[in-house]
Amino acid sequence: MLSTMQLSFNPSTVIETALRQIAASCEAFGEDFEPEVRAADPKFGDFQANGVLGFAKRNGKNPRELAQQLLDAANKSGQFDPTLVELSLAGPGFINFKCTRAYLWNWLNQYATPADYQSGAGKLKAGRKVVIDYPSANTAKQAHIGHLRPMVIGEAIARLLDFCGADTVRDNHIGDWGTNFGTLIMQIKRERIDLDQVKEDPLALLDQLYKDGSRLEKEQPNLRDQSRAELLKLQEGDPENTSLWEKIVDISKDAFEKLYQQMGVQIDISLGESFYRDKVERVYRELTETGIAEHSEGALVVWHDEVKKFARDNERPYPFNIRKSDGASNYASTDLATILYRVEHFKAEEVIYLTDARQQDHFQQLFLTTQKWFNLCNYPTPITRHVWWGTILGKDKKPFKTKSGESIKLQTLLDEACERALAVVTEKNSDLPEAERQAIASTVGIAALKYADLASNRTQDYVFDWDRMLSFEGNTAPYLLYAVARINSIFRKAELDPESPIEGAGPLETEAELTLARKLMGLPGALDLTLNDLRPHFLCTYLYELAGAYSSFYNADKVMVDDPPTRAGRLLLCARTRSTLMTGLELLGIQALDRM
RNA sequence: GUGGGCGUAGCUCAGUUGGAUAGAGCAUCGGAUUUCUAAUCCGAGGGUCGGGGGUUCGAAUCCCUCCGCCCAUGCCA
């Protein structure tokens, strides 16, 4: 019911529920009517119901007449208080809902702080146990630009799920048990490196040793045999190799930990592939016993005949290879062991994997295999999702690389972001003391980098452009941060706390005030969209539009006017904009600034 | 070959899953500041939504067919 007493966080769902109920007791509609309520173009109202059109089509009725009937029934039902929402019929059969000033006012008073928003959003995923697989870095390799998206997108999605009430486990599924350790150990021994003696950037050294090692293997086949022998020794628990392996993993973890801190990435647990090395036998056994897996060319594989591409009679056979022909495990084996562990140990109801687009086949096979396996063994089957993304491109539309064609180190990227941000901050605001400019620049730089990664639809490739991401114009982090900084500036000058309640506010009046207020009420819808598809760019678009509405308001209506109710009303809008922007930025993993 | 993604303004991107006259930013042009951060705001021009066909009240969105780009395609992750 759309009343003052019971004000839902998301008005759209209330309208939808009410309409469904009204339609159910309406002769022309019935139980199966789906109202399809969504945000409307502001010129039509706040929300619109499109469901009548499709319903009329399916039933061979006149949509406009049906819409009129539903509208009449809605008005008669008493569920829509005319002082709070105005209903109207438009076009071929849309029903538009326009919230009144009174409704907007009530909503803004009920949902004022980040905690209020969270209490509203927290019902969306209340208590769901979700394991998120990210950022899953590899050991013994320096992080590069390819690690940017898993950190940025993964963190944003994890925060969103937390915010929406999920009980999340962020599991860093690191690659710490691959064939590369054979090569690495071979080369370490060959060069007689003492890892304890390496002081400066030991990860860079490991990176180099691996590159040298694999190059030498190609030139000298006997070294390849040595590497295989070292790997085998490691896998059999040889003390020397195990100790080397531990050092390599520690060096990698330390180096990544520094990056996680800079990037604001939080991790709950870090169970790498090595953790599952004694758990893959059970996978082989159960999948063989259930008849899901079979032997093929010496390997243990799973065919999925119902999917053409993975069927055994496909022209190009593409099985899910879960044990290599030499008996060793691969990432399919460990991923299977991992999902079982997540369900048995963490009681995961959902498991979300974050990787780039190229791994779609792997996850499709993994999910199919898991379903069949868990089904036959009577294990609870979790909801599985593969959240994937496109490539970061340079201006030439090819994968973004250094001029010499190498992949860009993540640290280099972060440093350059901060340097460039410092130049911008210095240019725009040279009055600030050096130390503060530095601090602002590092926040702005990282924010710009992250926001550029989040603002476009993740399934698309995007073009990396320093100037654009650091611009104060357009859909960028600086534009959003600037809006927050300006709000803070107003409260600072007024000597008020933006987080304290504001008393004595008069009603909203101007066009700019109302547009802003309506936009503020759009947060729940934006969160819904973002959560449904796990696509952070929906949230970005919303925040950008909100900041735009605020900037227009800021230019049109002076906040610190003499008339107390007007001033209080505008300050209230400022405070709400601030808390909404800060909430949204927080969800994106971006830190807001007091001033810039 | 098969599968996935994609093609929207000169450039970079949205477009709530079939809805109302396809929207932003940059760039171009024209305006706004004795005023809370102008690092902003307001306005104008700019489109055969890759081409063609189909489905229907209605298509950038769904189907078919071409053209073009990216990615994956048996034991790397």
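Just so you know, all these numbers are worked out from the coordinates, no wet-lab data involved. From a predicted model like this one, the values you see are computed outputs, not experimental measurements. Cβ placement follows ideal geometry from the backbone for every residue including glycine, while neighbour counts extend to all protein chains displayed.
The table for this structure:
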quantity	calculated
Rounded, prolate or oblate (a/c below 1.5 giving rounded, otherwise prolate when a/b exceeds b/c) for region A:410-587 by Cα gyration tensor	oblate
CD proxy at 222 nm, helix term only [per DSSP H run n ≥ 4: -39500 (n - 2.57); per residue of chain A; nearest 500]	-17000 deg cm²/dmol
Given A:199/A:258; A:189/A:211; A:129/A:372; A:247/A:347; A:189/A:279, the pairs whose alpha carbons are separated by over 25 Å	A:247/A:347; A:189/A:279
Cβ-placed point charges (K, R +1; D, E -1), dipole of chain A about Cα centre in debye, nearest 20	920 debye
Phi-based couplings in Hz for region A:493-510 (Karplus 6.51, -1.76, 1.60; Gly and Pro marked x)	5, 7, 6, 10, 8, x, 9, 8, x, 10, 9, x, 6, x, x, 6, 10, 6
Burial order of peptide ranges A:460-470, A:140-150 (average beta-carbon count within 10 Å, highest first)	A:140-150, A:460-470
Principal-axis tilt of helix A:11-24 within chain A, Cα atoms, nearest 10 degrees	70 degrees
Mean Cβ neighbour count within 10 Å, used as a protection proxy, ranking A:189-198, A:446-455, A:249-258 highest first	A:446-455, A:249-258, A:189-198
Residues in region A:336-355 reached by a label modelled at residue A:242 [backbone nitrogen below 19 Å; 7 Å Cα→Cβ]	none
Unit charges at the beta carbon, dipole of chain A: most positive-side option, A:117, A:550, A:74	A:74
Degrees separating the helix A:63-77 axis from the principal Cα axis of chain A, which is the longest one	70 degrees
Qualifying aspartates and glutamates (Cα of each under 13 Å from Cα of residue A:233; at least 8 residues distant if same chain)	A:225
Estimated dipole of region A:4-99 in Debye, rounded to 20 [Cβ of Lys and Arg +1, of Asp and Glu -1, Cα centre]	220 debye
Region A:4-99: C-alpha gyration tensor shape, a/c 1.5 cut-off, then a/b vs b/c	prolate
Using alpha-carbon coordinates, inclination of helix A:101-110 to the longest axis of chain A, degrees	40 degrees
Reachable lysines from residue A:493, criterion Cα separation under 17 angstrom, eight or more residues apart if same chain	A:558
Residue A:393 long-range amide H proximity, modeled H, under 5 Å	A:400, A:462, A:463, A:464
Segments A:107-115, A:436-444, A:574-582 sorted - mean Cβ within 10 Å per residue, highest first	A:574-582, A:436-444, A:107-115
For chain A: rounded, prolate or oblate by the Cα gyration tensor [a/c cutoff 1.5]	oblate
